[in-house]
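Reviewing the structure listed below.
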Amino acid sequence: VTENRSDLEDLHLYATPREQRFRRFASLEFEGQLYMTPYDFIQAVTNDEPKRAKKWRSLSKQELNQILMETPPVWKGSSKLFRNLNEKGVISYTEYLFLLCILTKPHAGFRIAFNMFDTDGNEMVDKKEFLVLQEIFRKKNEKRERKGDEEKRAMLRLQLYGYHTSTNSVLKTEGQDLVPRSYWDTLRRSTSQALFSDLAERADDISSSLSDTTLLVHFFGKKGKAELNFEDFYRFMDNLQTEVLEIEFLSYSNGMNTISEEDFAHILLRYTNVENTSSYLENMRCRIPEEKGITFDEFRSFFQFLNNLEDFTIAMQMYNFASRSIGQDEFKRAVYVATGVKLSPHLVNTVFKIFDVDRDDQLSYKEFIGIMKDRLNRGFR
């Protein structure tokens, strides 16, 4: 354990909710920086609290190298990658944020995400381009940092990023002073090429001082020379979404091919701000007396719809239902038009039975969208 309890709680005060969650679930420490294992990451997105006591185990250089040596290449990826790696992997804080982003992206957004990394437009992403991610998340984080003890905040940055940073600055060129420059200002003013060339200089600077991680080795090989193509990138994102959904589904299915409608409601209402969860569950129990069950295909199709929630919202506004209730047929059609996802009649009926509190077979658009946005972002909207 690298810090005593009072130090832990003290630094927690300076952390954002996402940082707090990462620190709560991370179990490894290497040269002052905290890391999650693949097991920790799965726990962090499927459970409210860690299943074990809070401890950070210090990794030796030899142990880290052994973990990275056993990391499979990207072409060996699968929807069981994180479960197979289990404790044999290291995930940094910025990679944790990247993986969280993947979980909320529609398939159509995968290409946009890839193109944002592919700054030279050669249809391949190399390690240097990927490391720009580190700088983007760091810059966004600095704008959100809570004011207070500079020493404590510096300790927190070291834990999360592995190096000390000078607030609101990006390295301009070697030998020059650090110049204040906002990532978002640059984004507004210029093309992504100009933006990333600026941040890429910082990536050069930090890549030499940061340790390799499981993701970096998985994507770019043990020597860091491999490049990532879109097909492999797409497959990784799709596999991760599928893996997390499988884990959530299997935690309720008990080896069966379906989960109950009530279990589906439990999963749906997790990480939301709904206070009277019991009333939703009771409402559904009364209105679906005979259990038919929700299959994994139905379960996955609903969460694919959730990842397209913004497009669905626009479609509903075009239907002029912005603040009115909607029926099942209208809902099903809007989902298909906006997302291309066909929800089964039973799934749509189950959703209505959960959220149609006044039992008029209509869905309150505004309330439903608000609750689902919370669920989509797992409480971090």
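The values are calculated or read from the model by the stated rules, or taken from the named source; none is laboratory data. These numbers come from a predicted model, not from an experiment. Positions of Cβ are backbone-derived with ideal geometry, glycine not excepted, and every protein chain shown enters the neighbour counts. The area values use the complete protein model at the heavy-atom level, side chains included, leaving out ligands, DNA and RNA. Shrake-Rupley method; radii C 1.70, N 1.55, O 1.52, S 1.80 Å.
Summed over the range 250-269, the residues that are open to solvent by 10 Å² or more (accessible area, probe 1.4 Å) and more than 18 Å from Tyr280 (Cβ to Cβ) give a count of 7. Condition check for Ala315 on (1) buried (at least 17 other Cβ atoms within 10 Å of the Cβ); (2) under 27 Å from Pro17 (Cβ atoms): one failure, at (2).
The conditions of being hydroxyl-bearing (Ser, Thr, Tyr) and at pLDDT 95 or above are not met by Tyr14. Residues that are in a helix (DSSP H, G or I) and either buried (at least 19 other Cβ atoms within 10 Å of the Cβ) or in contact (Cβ under 8 Å) with a residue 60 or more places away in the chain (or both) within the range 282-297 comprise Asn283, Met284, Arg287, listed in sequence order.
Annotation: of all residues in the range 351-381 being among the basic types (Lys, Arg) and assigned to a loop (DSSP other than H, G, I, E, B), the one that is nearest to the chain's Cα centre (by Cα) is Arg378.
Out of the range 56-77, which residues are open to solvent by 70 Å² or more (accessible area, probe 1.4 Å) and closer than 17 Å to Asp238 by Cα? Across the range 56-77, the qualifying residues are Trp75, Lys76.
Does Glu248 qualify as being of a type in the set (D, E, K, R), closer than 18 Å to Arg83 by Cβ and in a helix (DSSP H, G or I)? I'd like the intermediate steps shown before the answer.
Values: of a type in the set (D, E, K, R): yes; closer than 18 Å to Arg83 by Cβ: yes; in a helix (DSSP H, G or I): yes.
When the stated conditions are applied, Glu248 passes them.
Condition check for Asn84 on (1) open to solvent by 30 Å² or more (accessible area, probe 1.4 Å); (2) closer than 19 Å to Val45 by Cβ; (3) at pLDDT below 90; (4) in a helix (DSSP H, G or I): one failure, at (3).
Each residue in the range 210-241 was checked for being within 22 Å of His107 (Cα to Cα) and among the hydrophobic types (A, V, I, L, M, F, W, C), and 8 pass. For Glu135, the test of being at pLDDT 85 or above, open to solvent by less than 30 Å² (accessible area, probe 1.4 Å), in a helix (DSSP H, G or I) and of a type in the set (D, E, K, R) is failed. Filtering Ala15, Ala26, Ala44 for residues that are within 14 Å of the chain's Cα centre (by Cα) and open to solvent by less than 20 Å² (accessible area, probe 1.4 Å) leaves a single hit, Ala44.
Any idea which residue in the range 357-369 is least open to solvent (accessible area, probe 1.4 Å), counting only those that are under 19 Å from His266 (Cα atoms) and without any contact (Cβ under 8 Å) to a residue 24 or more places away in the chain? I'd like the intermediate steps shown before the answer.
Our first condition is that a residue be under 19 Å from His266 (Cα atoms); within the range 357-369, this holds for 357, 363, 367-369.
Then keep just the ones that are without any contact (Cβ under 8 Å) to a residue 24 or more places away in the chain; that gives 367-368.
Values: Glu367: 85, Phe368: 5 Å².
Among those residues, the one meeting the criterion is Phe368.
Taken over the range 254-280, the residue count meeting the criterion of being without any contact (Cβ under 8 Å) to a residue 12 or more places away in the chain and either under 30 Å from Glu123 (Cβ atoms) or not charged (D, E, K, R) (or both) is 5.
Give the residues of the range 331-363 that are more than 24 Å from Leu281 (Cβ to Cβ), at pLDDT below 85 and not hydrophobic (A, V, I, L, M, F, W, C), sorted by residue number. Within the range 331-363, Thr339 is the sole residue that qualifies.
Only residues that are more than 19 Å from Ala226 (Cα to Cα), in contact (Cβ under 8 Å) with a residue 40 or more places away in the chain and not in a helix (DSSP H, G or I) were counted in the range 49-77, giving 4.
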